[in-house]
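Asks: Attaching a single structure in structure tokens format; questions to follow.
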Amino acid sequence: MMTADLDPVTLEILRNQLESVAEEMGQVLITGAYSPNIKERQDCSTALFDASGALVAQAEHIPVHLGAMPDAVDVVMGRDPEPGDVFAVNDPFAGGTHLPDVTLVSPMAPDGEIVGYAVSRAHHADVGGSAPGSMPSGATEIYEEGLRLPAVRLVAGGEVNEDVRDLILANVRTPAERRADLRAQRAANDRAEERIGELLAEHGDRLRRAFDAVVAYSRDRMEAEIEALPDGTYEARDVLEGDGVTDDDIPIQAAVTVDGAELTVDFDGTAAQVEGNLNAPRAVAKSAVYFVVRAVTDPEIPPNQGCYDPITVAVPEQSILDPEPPAAVVGGNVETSQRVTDVTLRAFADAVPERVPADGQGTMNNLIIGDRRGEFTYYETIGGGFGARPTKDGMDGVQVGMTNTLNTPVEALEAEYPLHVERYALRPSSGGDGRYRGGLGIERSLTVQTDATVSLLTERRRTAPAGVNGGEDGATGENRIDGETVAAKVSRAVDAGTTLTIRTPGGGGHGPPAERDADARERDRRDGKVTDE
């Protein structure tokens, strides 16, 4: 196969070199960051775009970051970027996702001419707002959630814009940490320009042709995968458990239509924009759909714009998936994205049931602890059960859906913060029973050693992750403060000595429990995965 007059061997070499640049960017960012959320949990993503703004290569980091990055690049391209500039953006209504995710976009011009853009996105543990961690559970306006950056020049012509930098640092609780993490992002983008310069010196104009070629290659493969799916329309529906203001269920509905080599996901019937903070920008819905389509087709297709070109995402205006400002949105990126993933996967289960697992935990279990003096801000998403698969059990204690972070190691957590880990363990019997058992949830218990503010943004506390094909549901999650069960979404001031316990949901089971292999049941009992058999 010849693409843009590049032979297959050359194309494969150049594709891998471009993806290596994106991966190296991520390593520079992770190793250079100061905050545990980036250096330990790796809550960040990096990617390369061509001069037209098309995604060319990405590191396999955070799904909800990566699918939404093109919107940030589009916004920056409208600001007349010049070589040596670095733009910072986090505005969910102009290229961002939610305010803690700060994106830096840098034109790459190693020879003076812009050949593409280096992009890094990282979740900053605090960007101001009404509560430490910038994720207040009851927010009703984006102004409560932190500082909003509409694509501003953090660096202009190679020189740091000190006014912009100082404005950012004056509006966050942990300015030294933010300064260091922004430097790490800039270093990642600089490394990309350096490496692209080396590839231009080696390959010349072939590199520019490769930008188009790798996108075309992925598009061809994705179209072939979609065409192999059975034509038809497949629907699914689920709910979010309140928006932090009310406890009313919020429906998310998806219809997946396969028509030849084209695929449309339509969210007609999804709830209107809500008062609380579970509103999600359209880019977040697109990210979730792109992730699911890659998962149910061929995840080995090189991830770039070509993967997404055959996919159309239709979202009702003024809905929870396309809110108007000044809507609060911080929970949309982390929780609504998970439910969009769940319903899109469920819809695909009617088309290709052999490829789709039971429900995973369906939440990121966001835990934020900080003090108003700005001495520390701790942020964590906590793993849970992966849904049982058509041919094997679900995984225990992992991140699922739209996040792909690590945990904060106990040693690092206790060294960095005034927190003490009381318990960190799998939850026995939390995975749904079935021919294949759902993965186990986690119990994480922390004692706060100073007066602080705690915020929780969680889901699946009353609606269990569903089993499929006769499999049982996974266990719901539970939040406790000093033994008292609290709501799924809550912000509360706590005293020193308070203990927080988060029990995360398990995954749903797959197939009738009566068909589970006897040896597998004995292994479950021996390994302590169940306590009631």
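Asks: I'd like to know which of Val494, Pro409, Thr458 lies farthest towards the positive end of the charge dipole of region 401-533, counting +1 on Cβ of Lys and Arg and -1 on Cβ of Asp and Glu.
Replies: Selected residue: Thr458.
Asks: Here's another thing I want to ask about it. Could you tell me what percent of the accessible area of region 296-353 is made up of carbon and sulfur, with a 1.4 Å probe and every protein chain present?
Replies: In region 296-353, the share of accessible area belonging to carbon and sulfur is 43 percent.
Asks: Also, I was wondering about something else. Can you list residues whose amide H is under 5 Å from Leu240's amide H, if they're 5+ apart or on another chain and H is modeled 1.01 Å from N?
Replies: Residues meeting the amide H criterion: Ile250, Ile252.
Asks: Shifting gears a bit: Can you send over the carbon and sulfur percentage of the accessible area for region 442-533, probe radius 1.4 Å, protein chains only?
Replies: Details: 1620 of 3860 Å².
Solvent-exposed carbon and sulfur of region 442-533 make up 42 percent of the total.
Asks: Another question, then. Give me the 1.4 Å probe accessible area per residue for region 1-100, excluding ligands and nucleic acids, in Å².
Replies: Working: 3130 Å² over 100 residues.
Computed with neighbouring chains in place, this is 31 Å² per residue.
Asks: Something else: Please calculate how many Å² of accessible area region 248-318 carries per residue, with a 1.4 Å probe and no DNA, RNA or ligand atoms counted. Don't skip to the answer; put the middle values down first.
Replies: Details: 2380 Å² over 71 residues.
Per residue, region 248-318 has 34 Å² of solvent-accessible surface.
Asks: Residue by residue, what Karplus-based ³J(HN,Hα) values in Hz, rounded to whole numbers, does region 88-105 have, using 6.51, -1.76 and 1.60 with θ = phi - 60° and x for Gly and Pro?
Replies: Each residue of region 88-105 in turn: 10, 8, 9, 5, x, 9, 8, x, x, 10, 9, 4, x, 7, 9, 10, 10, 10 Hz.
Asks: Distance between Cα centroids, region 356-370 to region 275-333: provide it in whole Å.
Replies: 17 Å
Asks: So what's the net charge close to Val448: Lys and Arg +1, Asp and Glu -1, counting the other residues with Cβ under 10 Å from its Cβ?
Replies: Numbers: positive: none; negative: Asp371, Asp451, Asp495.
With Lys, Arg at +1 and Asp, Glu at -1, the neighbours total -3.
Asks: Follow-up question, since we're still on this one. List every residue whose amide H lies under 5 Å from the amide H of Thr270, counting only residues 5 or more places away in sequence or on a different chain, with H placed 1.01 Å from N in the peptide plane.
Replies: Those qualifying (amide H under 5 Å, at least 5 residues apart or on another chain) are Gln253.
Asks: Which one of Gln318, Ala184, Ser52 has its Cα pushed farthest toward the positive end of the charge dipole of the chain, where Lys and Arg give +1 and Asp and Glu give -1 at the Cβ?
Replies: Ranked along the dipole, the leading option is Ala184.
Asks: Please report the carbon-and-sulfur percent of the accessible area for region 1-136; probe 1.4 Å, protein heavy atoms only, DNA, RNA and ligands left out. Walk me through the numbers on the way to the answer.
Replies: Working: 1830 of 3700 Å².
That share works out to 49 percent.
Asks: Separate question: What does the accessible area per residue of region 341-463 come to in Å², with a 1.4 Å probe and no ligands, DNA or RNA counted?
Replies: 32 Å²
Asks: Still on this model: Do the sum for the chain: with -39,500 (n - 2.57) for every DSSP H run of n ≥ 4, divided by all residues, what is the mean residue ellipticity at 222 nm, to the nearest 500 deg cm²/dmol?
Replies: Numbers: 12 runs with 152 residues, N = 533.
That calculation yields -9000 deg cm²/dmol at 222 nm.
Asks: Between the alpha-carbon centers of region 241-273 and region 440-503, tell me the distance in whole angstrom.
Replies: So the separation of the two Cα centres works out to 25 Å.
Asks: Through the Karplus equation 6.51 cos²θ - 1.76 cosθ + 1.60, θ set to phi - 60°, convert the phi angles of region 154-163 into ³J(HN,Hα) values in whole Hz; use x for Gly and Pro.
Replies: 6, 10, 10, x, x, 10, 5, 7, 5, 5
Asks: About the Cα centre of the chain, what is the dipole size in debye to 20, counting +1 per Lys and Arg Cβ and -1 per Asp and Glu Cβ, all else neutral?
Replies: Charge dipole of the chain: 1060 debye, to the nearest 20.
Asks: Then there is this: Considering the values (1) 23.4; (2) 25.6; (3) 24.2, which represents Kirkwood radius over Cα pairs in Å as calculated for the structure under consideration?
Replies: Read-out taken from this structure: (1).
Asks: Can you give the accessible area of Tyr436, probe radius 1.4 Å, in Å² rounded to 10?
Replies: Rounded to the nearest 10, that gives 60 Å².
Asks: Provide the packing ranking of 132-144, 107-119, i.e. peptides ordered by the mean count of other C-beta atoms within 10 Å per residue, highest first. Let's see the in-between values first.
Replies: Working: 132-144: 23.2, 107-119: 20.4.
The densest-packed peptide leads the list: 132-144, 107-119.
Asks: A follow-up question, please. Under the Karplus relation 6.51 cos²θ - 1.76 cosθ + 1.60, θ = phi - 60°, what is the ordered set of whole-Hz ³J(HN,Hα) values for region 420-427, x standing for Gly and Pro?
Replies: After applying 6.51 cos²θ - 1.76 cosθ + 1.60, I find 10, 7, 8, 7, 8, 7, 6, 9 Hz.
Asks: Cross-link partners among aspartates and glutamates for Lys39, C-alpha distance below 17 Å, same-chain residues fewer than 8 apart left out?
Replies: Glu23, Glu24, Glu60, Asp101, Asp126, Glu177, Asp181, Glu380, Glu411, Glu414, Glu416
The values are calculated or read from the model by the stated rules, or taken from the named source; none is laboratory data. Given the structure is predicted, the values throughout are model-derived calculations rather than measurements. Don't worry about glycine lacking a Cβ; one is built from the backbone with ideal geometry, like all the others, and counts go over all protein chains shown. In case anyone asks, the SASA skips ligands and DNA or RNA and just uses the protein heavy atoms, side chains included. Shrake-Rupley method; radii C 1.70, N 1.55, O 1.52, S 1.80 Å.
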